[in-house]
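Read the figures in this text as sums done on the coordinates, not as results from a lab. The structure presented is a predicted model; accordingly, all values stated were derived computationally and were not measured. Ideal geometry is used to build each Cβ from the backbone, glycine not excepted, and the neighbour counts take in all protein chains shown.
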Amino acid sequence: MDAELMLVTDKTTWRNLVARTVGVQIQQGWAYGEALAARGARVARLLLVEGGREVGFVQLIGRRPCRGPVLLWHGLGGPCWLRAGAEGDGAALRLLRRRYGWRRGAVLLLTPASPLPSLDHQRLQNAGFRQAMTGYTTAVLDLEHPLAALRRGLHGDWRRRLQRGPDAALALAWCHPWADPLGLEALLTADAAAARQRGYHGLPPALVRQLARQGDGLLALARARDQPVAAMLFLRQGATALYQTGWSDAVGRSGFAHHHLLWGAIERLAADGCRQLDLGGLNVPAGIVRFKLASGATPRTFAGTFA
């Protein structure tokens, strides 16, 4: 079957592709590519075509590790498959591997956002890719269910804390990150401090700030006496939202602020047409894992990274 890789340079065209599928990760979004391009990375946004039919798309980020001679291309969260033509024979993947792989002095890695078991594993193997790393496990909420069903899916303690209502001392708000820059900065500052204290590495605050301001997002914030005490940031990509980061101090924790902030975010995201909420990985402290899974989220293990 004939295959083509068509370079996409128009933001609207890319956003329309993203809107045609569910589960697209932030790393496949236009804003993510723009943010990394501003930091010196190469970006290739490609539409995969087989037999004249659009079958998928992938955004590749290119860097030279340690300023070495090899160019590393990574499709983190890709390729993404469109409903129409998803049965293609893999010719586009084979072409992608030839164009961006070893034969051109580069290494190509693909980390599709598809759960196991999935067709992606077989497609990639058929195209000559081999698994280099196993996938990670995340917690996913299906927002296509009615809110009443989602509420019934909450675990007992989670539901009871929600039913009690927020602490009277807490003022809760949900808005685009643009609308509350001070709240966003309070969250990013607290998150950076927690990362230093606990020794974990997330996206740089400057990159998160840029993604929050460039793309679609939702900032959930709790204040007590006009001071932030808890916050959660959600980044939106088409019909999928990602819980990017959160923070709470002792006042926020005692008032179970994150329970109310997350539920309010679920209500707003679902009303805005979001069909899936990724609450993030489960390689975190046990208390955070319990919080995510007790919200009704389901563990999902991705296929891994292929080279």
With +1 assigned to the C-beta of every Lys and Arg and -1 to the C-beta of every Asp and Glu, and no other charges, what is the dipole magnitude of the chain about the Cα centre in debye, to the nearest 20?
680
Normalised convex hull volume, the stretch 139-301, alpha-carbon set, Å³ per residue:
112
Cα-only Rg/Rh for the stretch 120-231 with Kirkwood Rh rounds to 1.07
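How would you order 215-225, 175-185 from highest to lowest mean count of nearby Cβ atoms within 10 Å?
215-225, 175-185
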Order these peptides, 189-195, 258-264, by their mean beta-carbon neighbour count within 10 angstrom, highest first.
258-264, 189-195
Would you mind pulling out the separation of the Cα centroids of the stretch 161-238 and the stretch 246-268, in Å?
10
Which percent of Cα-Cα pairs in the chain sits in each 20 Å bin, short to long?
32, 55, 13, 0
Value of [θ]222 nm, deg cm²/dmol, for the chain, DSSP H segments ≥ 4, -39500 (n - 2.57) each, nearest 500
-10000 deg cm²/dmol
Suppose we keep just the alpha-carbon trace of the stretch 172-232; what are its Rg and Dmax in angstrom?
11.7, 32
Stretched fully, the stretch from ARG67 through ALA194 gains (0.36 nm per residue minus C-alpha distance, one decimal, in nm) 42.7 nm
For the stretch 240-284, what class follows from the C-alpha gyration tensor (a ≥ b ≥ c being the square roots of its eigenvalues): rounded when a/c is under 1.5, otherwise prolate if a/b is larger than b/c, else oblate?
oblate
If I take R0 = 45 Å and measure r between the Cβ atoms of LYS11 and THR134 in this structure, what FRET efficiency does the formula 1/(1 + (r/R0)^6) give, to the nearest 0.05?
0.85
Want the number for ARG152 to ALA169: 0.36 nm per residue separation, take away the alpha-carbon distance, what's left?
3.4 nm
Going by the alpha-carbon gyration tensor, a ≥ b ≥ c the square roots of its eigenvalues, is the stretch 3-129 rounded (a/c under 1.5) or, if a/c is not under 1.5, prolate (a/b greater than b/c) versus oblate?
oblate
